[in-house]
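Engineer: Dumping the structure here so I can ask a few things about it.
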Amino acid sequence: MSRIGRLPITVPAGVDVTLDGRIITVKGPKGTLTRQLPPRIEIEREGDVLHVTRPTENKLDKSLHGLTRTLVNNMVVGVTTGYRKGLEIIGVGYRAQKTGNNLQLALGYSHPVEIVPPDGISFELETPLKLAVVGIDKELVGQVAAKVRATRKPEPYKGKGVRYAGEKVRRKAGKAGKIGGKK
């Protein structure tokens, strides 16, 4: 049995889970998420607890068992508390600002980089150098945060660029100077 797949999913008060064939819909105080379940994986509801089960012990069913349980649990957590991914901008003259719902980044290019958030995602600026991607869909929050980071990845020599909050960037030594060169 999958260690993750066999764990029950507790549905908190104020969250409504509906199963319609292969489609699961989770409604909560922050919004609604819908996902199609993989075939052969079943979800049973007992009161305010969900159980994910698999029909056989073959490799595909085993791999989908834990995955499905995690995806459904992420949906429940997303509609109750939401997800947040922090980003830091490091570099002289690098900064971020909001223009409406969009994020505008000055990252040393000749033009500002504008990022339009998809539905359900918003940007929060704590300072011009610290921002967060906020939403209820964990997968989408991570995807948008990766897109923002990809605009200027942290480089290994000076560490300039956009990085995740708390990310360690491995630094390299620069060029060594001339020793005993000609005058």
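The values are calculated or read from the model by the stated rules, or taken from the named source; none is laboratory data. Remember, predicted model here, so these are calculated numbers, not experimental data. Neighbour counts run over all protein chains shown; Cβ positions are idealised from the backbone, glycine included.
Engineer: Report, ordered by the first and then the second residue, all pairs with beta carbons closer than 9 Å, sequence separation of six or more or different chains, a first member in the range 6-17 that is under 14 Å from residue 42 (Cα atoms), and a second member that is acidic (Asp, Glu) and part of a strand (DSSP E or B).
Structural biologist: Listed by first residue and then by second, the contacts come to 8/46.
Per-residue answers, yes or no, for (1) modelled with pLDDT of 95 or more; (2) of a type outside the set (Gly, Ala, Ser); (3) out of contact with any helix residue (DSSP H, G or I) (no Cβ under 7 Å at 6 or more places or on another chain); (4) within 17 Å of residue 35 (Cβ to Cβ):
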| site | (1), (2), (3), (4) |
| --- | --- |
| 60 | no, yes, yes, no |
| 64 | no, yes, yes, yes |
| 74 | yes, yes, no, yes |
| 99 | no, yes, yes, no |
| 105 | yes, yes, yes, no |
| 109 | no, yes, yes, no |
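Engineer: If I filter the range 92-141 down to residues being surrounded by 14 or more Cβ atoms within 10 Å (Cβ to Cβ) and basic (Lys, Arg), which single residue comes out as farthest from residue 153 (Cα to Cα)?
Structural biologist: Step by step, filter the range 92-141, then rank; the result is 138.
Engineer: Can you name the condition, by its number, that residue 169 falls short on among (1) farther than 19 Å from residue 92 by Cα; (2) outside the structural domain of residue 96 (by TED's automatic domain parsing)?
Structural biologist: Of (1) farther than 19 Å from residue 92 by Cα; (2) outside the structural domain of residue 96 (by TED's automatic domain parsing), only one is false for residue 169: (1).
Engineer: Does the range 73-85 contain any residue that is of a type outside the set (Phe, Trp, Tyr) and over 30 Å from residue 44 (Cα atoms)? Working first, answer last.
Structural biologist: The initial filter retains those residues of the range 73-85 that are of a type outside the set (Phe, Trp, Tyr), namely 73-82, 84-85.
Adding the requirement that they be over 30 Å from residue 44 (Cα atoms) leaves 85.
Yes, the range 73-85 has at least one match.
Engineer: Tell me which residues, restricted to the range 1-17, are of a type in the set (Ser, Thr, Tyr) and surrounded by 13 or more Cβ atoms within 10 Å (Cβ to Cβ).
Structural biologist: Within the range 1-17, the first condition is being of a type in the set (Ser, Thr, Tyr), and the residues that meet it are 2, 10.
Hit for the range 1-17 is 2, nothing else.
Engineer: Taking the range 142-168, which residues are among the small types (Gly, Ala, Ser), crowded, with 19+ Cβ neighbours inside 10 Å and within 17 Å of the chain's Cα centre (by Cα)?
Structural biologist: Keep residues of the range 142-168 that are among the small types (Gly, Ala, Ser), which gives 142, 145-146, 150, 159, 161, 165-166.
From what is left, the residues that are crowded, with 19+ Cβ neighbours inside 10 Å are 145, 161.
If the condition is that a residue be among the small types (Gly, Ala, Ser), crowded, with 19+ Cβ neighbours inside 10 Å and within 17 Å of the chain's Cα centre (by Cα), then 145 is the only one that fits.
Engineer: I need the full set of residues from the range 56-99 which are under 30 Å from residue 113 (Cα atoms) and touching a Pro at 6+ places or on another chain (Cβ under 8 Å), in order please.
Structural biologist: Once the filter is applied, which keeps residues that are under 30 Å from residue 113 (Cα atoms) and touching a Pro at 6+ places or on another chain (Cβ under 8 Å), the range 56-99 yields 89, 90, 95, 96, 97.
Engineer: Follow-up. Being surrounded by 13 or more Cβ atoms within 10 Å (Cβ to Cβ) and farther than 23 Å from residue 6 by Cβ is the filter here; which residues of the range 18-32 pass it?
Structural biologist: The initial filter retains those residues of the range 18-32 that are surrounded by 13 or more Cβ atoms within 10 Å (Cβ to Cβ), namely 19, 24-28, 30-32.
Across the range 18-32, the qualifying residues are 25, 27, 28, 30, 31, 32.
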